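Colleague: I have a structure I would like to understand better, so I am pasting it below and will then ask my questions one at a time.
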Amino acid sequence: MNIQEGVALAPFTTFHIGGPAKYFAEVTTVPELYQALDFARDTQARVLVLGGGSNILLPDQGFDGLVIKIAIDGIERVEEDDTTLMVSGAGEDWDAYVAQTIEQNLWGLENLSGIPGTVGGAVAQNIGAYGAALSQTLEWVEVLDTHEQITKTIQISDCKFGYRDSIFKQLPGHYIVLYAAFRLSRMPKRNLSYKDLSERFQTSDPALPEIRKAVLEIRRLKFPDISIEGTAGSFFKNLIVNEVEAKKLQEKYPGMPVFSIPESLEIKIPLGWILDHVLKLRGYKNGNVRLFEKQALVVVADKNTSSQEVQDFMYDIQKKVFDECAINIEPEVHIVVR
Ligand SMILES: Cc1cc2nc3c(=O)[nH]c(=O)nc-3n(C[C@H](O)[C@H](O)[C@H](O)COP(=O)(O)OP(=O)(O)OC[C@H]3O[C@@H](n4cnc5c(N)ncnc54)[C@H](O)[C@@H]3O)c2cc1C
């Protein structure tokens with residue numbers, strides 16, 4: 001394993017933002033990860049774990065420590081009764097992994113098609129889309145516990161999954177995801193509850209590839225092309241509230257939609273709707289940063305935008321929402337300090 005110095009981080013993120021890492025290592029195996037952590041301990045360097053860089057905003061000045069890019073690959077299929085356990089290395093590209101499960105006619109991840117990043121990043125974030133969340137199919141995660149310096153298996157019940165939340169986010173740096181196992185069904189298990197999907201498939205029982213195709217098409221209309229523009233997708237978390245709070249907000253903002261979430265009994269208020277319909281901010285631009293014209297929750301940065309500019313834009317939006325609605329909104333994106 002090679003520890004490099006002064007590696008520019010911008011190309012490793014979908015925002016295309018980030019100065020150089022003091023040290024940078026790409027690890028493809030667990031022993032290499034141990035070596036990288038030993039190096040960090042010996043040099044007293046802080047560690048930042050990086051997957052596909054699609055949910056992170058890195059500082060313009062770079063990272064004054066060791067960035068470890070997780071590139072552990074491999075996919076293994078284990079048959080059990082009428083389900084299949086698909087175990088994936090944390091460095092596998094999430095969408096390529098989903099595509100493989102679909103090719104193998106396994107149900108469970110199709111609604112999560114098209115999300116950028118790695119399997120490890122997806123677990124940390126408990127990704128969700130179109131009425132599905134990763135935590136619905138995950139069974140266990142193998143991690144490196146950086147405090148005890150051992151690998152261990154964490155069952156889903158101990159992952160503390162919530163809306164875009166997990167133990168891996170709650171205890172940053174404590175656990176590094178190495179492998180994740182998903183229990184998938186060989187029998188059809190359609191989840192077409194989400195409006196965009198139920199509208200498309202009103203009369204048919206679509207096959208897996210059709211659902212994936214539909215999800216990818218819908219996503220193409222809602223997100224910018226990350227090969228052209230900088231973004232980390234939804235920049236802010238949607239609001240998760242209880243029933244009483246949801247009712248109050250609906251009275252205040254008639255027409256506001258509410259959604260149930262797969263992770264809990266709470267209710268999701270789409271912040272994008274508030275930004276769009278209450279604050280009329282869809283497409284709002286300040287300097288080089290804007291709220292995407294087709295989905296107001298998505299922050300988009302022009303080429304060569306600085307991290308500071310994106311953060312200033314974030315404060316600007318947070319203030320606008322607070323002034324109008326008295327609601328504090330939080331970033332979903334991991335904002336790294338130097
Ligand atoms: C266009 C676009 C659309 C998106 N759509 C969605 C969507 O529909 N739903 C959704 O939920 N998200 C969405 N996202 C956000 C993002 O793609 C996901 O959160 C993704 O899972 C992040 O994975 P990553 O590998 O890129 O993580 P990174 O951005 O590299 O890292 C994110 C965080 O996870 C940690 N991390 C990464 N790998 C590991 C690991 N192996 N072990 C422990 N911690 C780790 C990092 O330290 C960091 O804190 C979108 C992003 C973009 C750019």
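Read-outs throughout are calculated quantities, based only on the coordinates presented, and are distinct from any laboratory measurement. On a predicted model such as this, the values are computed, not experimentally measured, just so you know. We place every Cβ from the backbone using ideal geometry, glycine too, and count neighbours over all the protein chains shown.
Colleague: Name the long-range amide H neighbours of L50: under 5 Å, sequence gap of 5 or more, or other chain; modelled H, no Pro or chain starts.
Modeller: I68, K69, I70
Colleague: Rounded, prolate or oblate, given the Cα gyration tensor of the stretch 188-338, with a/c below 1.5 counting as rounded?
Modeller: Values: a/c = 2.08, a/b = 1.25, b/c = 1.67.
Oblate.
Colleague: Moving on. Among L178, T231, T146, whose Cα projects farthest towards the positive end of the dipole of the chain, with charges put on the beta-carbon of Lys, Arg (+1) and Asp, Glu (-1)?
Modeller: The Cα lying farthest towards the positive end belongs to T231.
Colleague: Along the charge dipole of the stretch 5-147, pointing to its positive end and built from +1/-1 on Cβ of Lys, Arg, Asp and Glu, which listed residue (L48, T28, A99) has its Cα farthest out?
Modeller: Of the candidates, L48 comes out farthest on the positive side.
Colleague: Another question, if that's okay. Can you return the aspartates and glutamates within cross-link range of K248? Criterion is Cα-Cα under 16 Å, with same-chain partners fewer than 8 residues away left out.
Modeller: Hits, sequence-local ones excluded: E266, E324.
Colleague: Taking the simple approach of a point 7 Å from Cα along Cα-to-Cβ for both T203 and N2, what is their distance in nm?
Modeller: Modelled inter-label distance: 5.9 nm.
Colleague: Okay, moving on. Given Q61, L85, T14, which one lies farthest toward the positive end of the charge dipole of the stretch 1-95, if we put +1 on the Cβ of every Lys and Arg and -1 on the Cβ of every Asp and Glu?
Modeller: It is Q61, whose Cα lies furthest towards the positive end.
Colleague: Here's something else I'd like to know. What ³J(HN,Hα) values, in whole Hz, does the Karplus curve 6.51 cos²θ - 1.76 cosθ + 1.60 give for the stretch 292-303 when θ = phi - 60°, with x put for Gly and Pro?
Modeller: Taking θ as phi minus 60°, the curve returns 4, 5, 9, 6, 5, 7, 8, 8, 10, 10, 5, 4 Hz for the stretch 292-303.
Colleague: Considering the alpha-carbon set of the stretch 1-116 alone, what are its Rg and its Dmax in angstrom?
Modeller: Values for the stretch 1-116 (Cα only, Rg and Dmax): 16.7, 52 Å.
Colleague: Oh, and also: Pairs to check: K69/K285; K247/K320; K252/K319; K160/K303. Give those whose C-alpha atoms are more than 29 Å from each other in this structure. Please list the in-between numbers first.
Modeller: Values: K69/K285 33 Å; K247/K320 22 Å; K252/K319 19 Å; K160/K303 37 Å.
Result: K69/K285; K160/K303 exceed 29 Å.
Colleague: Would you mind calculating the relative contact order of the stretch 118-241 from Cα pairs under 8 angstrom and at least 6 residues apart, reporting the percent as a whole number?
Modeller: Working: 130 pairs, mean separation 30.9, N = 124.
Reported relative contact order: 25 percent.
Colleague: Also: Given springs between every Cα pair under 10 Å in a Gaussian network model of the chain, which of Q104, Q202, Q311 has the largest fluctuation?
Modeller: Q202
Colleague: Report the relative contact order of the stretch 200-277, percent, no decimals, based on alpha-carbon pairs under 8 angstrom and at least 6 residues apart.
Modeller: Working: 50 pairs, mean separation 19.2, N = 78.
Relative contact order here is 25 percent.
Colleague: May I pose another question? Determine the sum of side-chain charges near P188: Lys and Arg each +1, Asp and Glu each -1, restricted to other residues whose C-beta is under 14 angstrom from that of P188. Before the final figure, lay out each step's value.
Modeller: Numbers: positive: R186, K189, R190, R212; negative: D82, E110, D205, E210.
Taking every other residue near P188 into account, the sum is 0.
Colleague: Something else: Around T43, under 14 Å between beta carbons, what's the net of Lys plus Arg minus Asp minus Glu among the other residues? Let's see the in-between values first.
Modeller: On the way: positive: K22, R41, R46; negative: E5, D38, D42, D64.
Computed value for this residue: -1.
Colleague: Same structure again: With +1 assigned to the C-beta of every Lys and Arg and -1 to the C-beta of every Asp and Glu, and no other charges, what is the dipole magnitude of the stretch 87-178 about the Cα centre in debye, to the nearest 20? All intermediate terms of the calculation are to be shown ahead of the outcome.
Modeller: On the way: 4 positive and 11 negative charges, 59 e Å.
Using Cβ point charges on Lys, Arg, Asp and Glu, the stretch 87-178 gives about 280 debye.
Colleague: Next question. Enter the Cα centre distance for the pair the stretch 272-303 and the stretch 13-32, rounded to the nearest angstrom.
Modeller: The stretch 272-303 and the stretch 13-32 have Cα centres spaced 29 Å from each other.
Colleague: Taking amide H atoms as placed 1.01 Å from N in the peptide plane, list the residues 5 or more away in sequence, or in a different chain, whose amide H sits under 5 Å from that of G283.
Modeller: Amide H neighbours of G283: L291, F292, E293.
Colleague: Would you work out if the chain is rounded, prolate or oblate? Take a ≥ b ≥ c from the square roots of the eigenvalues of the alpha-carbon gyration tensor; rounded if a/c is under 1.5, else prolate when a/b is larger than b/c, oblate otherwise.
Modeller: Oblate, because a/c is 1.5 or more while a/b does not exceed b/c.
Colleague: How high is the relative contact order of the chain, in percent, with contacts defined as C-alpha pairs under 8 Å that are six or more residues apart? Working shown, then result.
Modeller: Values: 701 pairs, mean separation 57.4, N = 338.
It comes to 17 percent, rounded to a whole number.
Colleague: Okay, moving on. Bin width 5 Å, origin at 0, all Cα-Cα pairs of the stretch 127-257: what percent of pairs per bin?
Modeller: Spelled out bin by bin, the stretch 127-257 gives 2, 8, 12, 14, 15, 17, 16, 10, 4, 1, 0 percent.
Colleague: Let me ask something else. Just report the Cα centroid separation between the stretch 160-202 and the stretch 81-139, whole Å.
Modeller: Computed from Cα coordinates, the inter-centre distance equals 7 Å.
Colleague: Based on Cβ point charges of +1 for Lys and Arg and -1 for Asp and Glu, what charge dipole magnitude is obtained for the chain about its Cα centre, in debye rounded to the nearest 20?
Modeller: On the way: 34 positive and 46 negative charges, 212 e Å.
Computed about the Cα centre, the dipole is about 1020 debye.
Colleague: Kindly write out, for the stretch 233-249 in residue order, the coupling ³J(HN,Hα) from the Karplus curve 6.51 cos²θ - 1.76 cosθ + 1.60 (θ = phi - 60°), rounded to whole Hz, with x marking Gly and Pro.
Modeller: Once θ is set to phi - 60°, the couplings for the stretch 233-249 become x, 4, 7, 10, 6, 5, 8, 10, 9, 8, 4, 5, 5, 4, 4, 4, 5 Hz.
Colleague: Now for a different question. Count the net charge of all other residues whose Cβ sits under 11 Å from the Cβ of G162, scoring Lys and Arg as +1 and Asp and Glu as -1. Walk me through the numbers before you get to the answer.
Modeller: Details: positive: K160, R164, K169, K237; negative: D165, E263, E266.
Local charge sum for G162: +1.
Colleague: Shifting gears a bit: Just from its helices, what would the mean residue ellipticity at 222 nm be for the chain, if runs of 4 or more DSSP H residues each count -39500 (n - 2.57) and the sum is divided by every residue, rounded to the nearest 500 deg cm²/dmol?
Modeller: On the way: 8 runs with 85 residues, N = 338.
Value at 222 nm, helices only: -7500 deg cm²/dmol.
Colleague: Once the piece of chain linking Y194 and Q318 is laid out straight, how much longer is it, given 0.36 nm per residue of separation minus the C-alpha distance between them? It would help to have the intermediate numbers written out before the result.
Modeller: Numbers: separation 124, 0.36 × 124 = 44.64 nm, distance 2.78 nm.
Stretched fully, the Y194-Q318 segment lengthens by 41.9 nm.
Colleague: Now for a different question. Nothing charged except the Cβ atoms of Lys and Arg (+1) and of Asp and Glu (-1): what's the magnitude of the dipole of the stretch 201-338 about its Cα centre? Round to the nearest 20 debye. Kindly include the intermediate steps, with their values, before the conclusion.
Modeller: Numbers: 19 positive and 20 negative charges, 50 e Å.
Charge dipole, the stretch 201-338, about its Cα centre: 240 debye, nearest 20.
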